[in-house]
Amino acid sequence: MLVANLALYAVSWYLTQGLASAELNAAPAMGGIDSRVLIRLGAKYGPLMIAGQWWRLVTAVFLHAGLLHIVMNLWCLFDLGPAVESLFSTAKFLFFYLVAGVAGFVVSFLWSPFGVSIGASGAILGLIGALIGASLHHGQLGRDMRSQLWRWVIYILIFGLFFAADNAAHIGGLAAGFLLGYLVPEGEPTTRASETLWNTLALLSVLTIAGSFALMALQLSQPGR
């Protein structure tokens, strides 16, 4: 996930520099990405989603608006991702990340259908939500962990208010992650059937991500659309 986010940021930064050069304008400061580039690369953007480009619910999770945006999100992912992966499993982590990210942008679309939104924050809030949900099964240890995790949530939401981030996506991702963390058993699958199920869900998650970016690349190659 770290590599995918970095790769998409590099592509969007390169395209932003090219666009600024073609228009003889200065590129956005602090590694900022032109909003037109973000829309072309798959940002959540209601008019195009209504037209059938629902894959944007996936691609938007991997796009970022600037250097500070991606650094903050990858720092959180680097800190929280291994905790979720070790508590549940790699297959469950992949599924949680995708479902929370998509759920966040579904809520964002319902709240602001014509706004442009991008970022991994909804998926990351989903990881926090999963840990909060799982903590309900762990008594006093869980209560101590929840107090730390809720601080993360508060910090991110406050940051979102001050920097006009998409708190609708944050809340949607958090809620989806909480439900998954509470309902899905922790640890590696314990039966052959559950192992097959989670491996299949993880594979479908990867294929969904790959397919969404394939559709993005297809429309990117058609400049008239």
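Just so you know, all these numbers are worked out from the coordinates, no wet-lab data involved. The model shown is predicted, which means the values in this text are computed figures rather than measured ones. Note: ideal-geometry Cβ built from the backbone for every residue, glycine included; neighbour counts use all protein chains shown.
Just the number, please: Stokes-Einstein D of region 1-70 in µm²/s, Kirkwood Rh from C-alpha pairs, 20 °C, 1.002 mPa s.
Details: Rh = 12.4 Å.
The estimated diffusion coefficient comes to 172 µm²/s.
Which one of Met216, Pro189, His137 is farthest out on the positive end of the charge dipole of the chain, using unit charges on Cβ (Lys, Arg +1; Asp, Glu -1) and the Cα centre as origin?
My answer, from the dipole projection, is Met216.
Hey, can you rank 125-138, 84-97 by average C-beta count inside 10 Å, highest first? Could the numbers behind the result be given before it?
Numbers: 125-138: 23.6, 84-97: 20.8.
So the order, starting with the most tightly packed, is 125-138, 84-97.
Quick one: Karplus J couplings for region 173-185, per residue in order, coefficients 6.51, -1.76, 1.60, θ = phi - 60°, nearest Hz, x for Gly and Pro?
x, 4, 5, 5, x, 4, 4, 5, x, 7, 8, 8, x
Quick one: check the C-alpha center-to-center distance for region 67-87 versus region 161-225, whole angstrom.
15 Å
Select from Gly31, Pro113, Leu179 the residue farthest towards the positive end of the dipole of region 2-220; place +1 on Cβ of Lys and Arg, -1 on Cβ of Asp and Glu, and compute about the Cα centre.
So the residue furthest toward the plus end is Pro113.
Quick check for me: using +1 on Lys/Arg Cβ and -1 on Asp/Glu Cβ, what's the dipole size of region 139-225 about its Cα centre, in debye to the nearest 20? It would help to have the intermediate numbers written out before the result.
On the way: 5 positive and 5 negative charges, 34 e Å.
The calculation lands at about 160 debye.
Quick one: helix 139-162 against the long Cα principal axis of the chain, what's the angle to the nearest 10°, folded into 0 to 90?
Once rounded, one gets 10 degrees.
Taking the Cα atoms only, what angle lies between the long axis of helix 192-220 and the longest principal axis of the chain, rounded to 10 degrees?
Between the helix axis and the principal axis of the chain, the angle is about 10 degrees.
Does region 148-225 come out rounded, prolate or oblate by the C-alpha gyration tensor, with a ≥ b ≥ c the root eigenvalues, rounded set by a/c under 1.5 and, if not, prolate when a/b is larger than b/c and oblate if not? Walk me through the intermediate numbers first.
Working: a/c = 3.88, a/b = 1.03, b/c = 3.76.
It is oblate, given that a/c is not under 1.5 and a/b is not larger than b/c.
Which value, in debye to the nearest 20, gives the size of the charge dipole of region 81-225 about its Cα centre, when Lys and Arg are +1 and Asp and Glu are -1 at the Cβ? Working shown, then result.
Details: 6 positive and 6 negative charges, 35 e Å.
So the magnitude is around 160 debye.
Taking region 60-172, how much of its Cα-Cα pair set, in percent, is spaced more than 20 angstrom apart? Don't skip to the end; give the middle numbers.
On the way: 2420 of 6328 pairs.
Of all Cα-Cα distances in region 60-172, 38 percent exceed 20 Å.
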